[in-house]
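Here's the structure we're looking at; comments come further down.
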Amino acid sequence: MELLWRVMLNKKTPPELKLNRLAYGHFYVLKSLRIIIVVALTLLVMEPSQGQDHNWQLVVIPGVCSFKIPATFELQNGGYREETDDLLKKIFKIEDPDRIIIQPKGINDFDPDTLKKYCRIIIKTETKTPGTFPKLGDKLNFSNNELNQMYSEIKGQLSKDISNFKSKGYLMEIISLEMPQIIQINRYQAIKYEYVRSINQNPPVRVIEYLIFNNDSLHKISLSYRISEKAIWEDDLFKVIKTFDFIKR
């Protein structure tokens, strides 16, 4: 049996939800990697797959990728998704209905115990002209100088995010930021960087960003969780990242 999820565009959003429910993901990559097109996606959430994690579900983003999630996670949708989109529009001036968000199961139903926790997996694909990015699976040859430039641009964008939050009455603090590095994810080399942030002096959140290049597309995967909940989320998140399989373009 298949369950079909469709990302709807241009929905009217309800009143603003409290900020601590927002599914944060920093919506930047580098100045040279700006969003041009975000394609509307249809998600297929398949029956649990067989194997080591036999109770995990296979999530398919047609034309982009597939990956697996444990039974303790769900696709963000419904009223909670609408309220999150509304906050992003108000704070970042961004309308981005096609990003894919995975969250702890129960948040869509506004389960009070689940809403006290924080963990997200966010997948975005940015599209430019063919040949803009390295091909999927190619070895990445960024020099130390180029990685340092990425670090500076990431740091600069985070500073802009801090200003955006401050202009809306929220305090965002970047506690630490690590240098970008080239890593291996399954068959692909990728850029990885991470930082720790806090919003309104709430418990710190670790954010890990992966950039995967695919000819005319840049795939961005963001993992985030509250550091105090590391024992709950970290093991599964790093298992999820190893299940991604992208379609070569």
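Each reported figure results from applying straightforward, stated rules to the coordinates on display, with no laboratory input. Everything numeric here is computed off the predicted structure, so don't read it as measured data. Virtual Cβ from ideal backbone geometry, glycine too; neighbours counted across all protein chains shown.
Taking amide hydrogens as placed 1.01 Å from N in the peptide plane, the amide H of L136 sits under 5 Å from those of N215, R249, each at least 5 positions away in sequence or on another chain.
When V240, V196 are arranged by Cβ crowding within 10 Å, least crowded first, meaning fewest neighbours, the order is V196, V240.
Once divided by 2.2 N^0.38 Å, the Cα radius of gyration of segment 195-238 becomes 1.42. Among the listed pairs K160/K192; K135/K160; K160/K248; K135/K230, those whose Cα-Cα separation exceeds 27 Å are K135/K160; K160/K248; K135/K230.
Ordering T125, T132 by the number of other Cβ atoms within 10 Å of each residue's own Cβ, fewest first, gives T132, T125.
Applying the criteria of a DSSP loop state and at most 15 other Cβ atoms within 10 Å to the chymotrypsin sites (Phe, Trp or Tyr not before Pro) of segment 148-249 yields Y170.
The trypsin sites (Lys or Arg not before Pro) found in segment 138-209 that occupy coil by DSSP, while having at most 13 further C-beta atoms within 10 Å, are K139, K168, R187.
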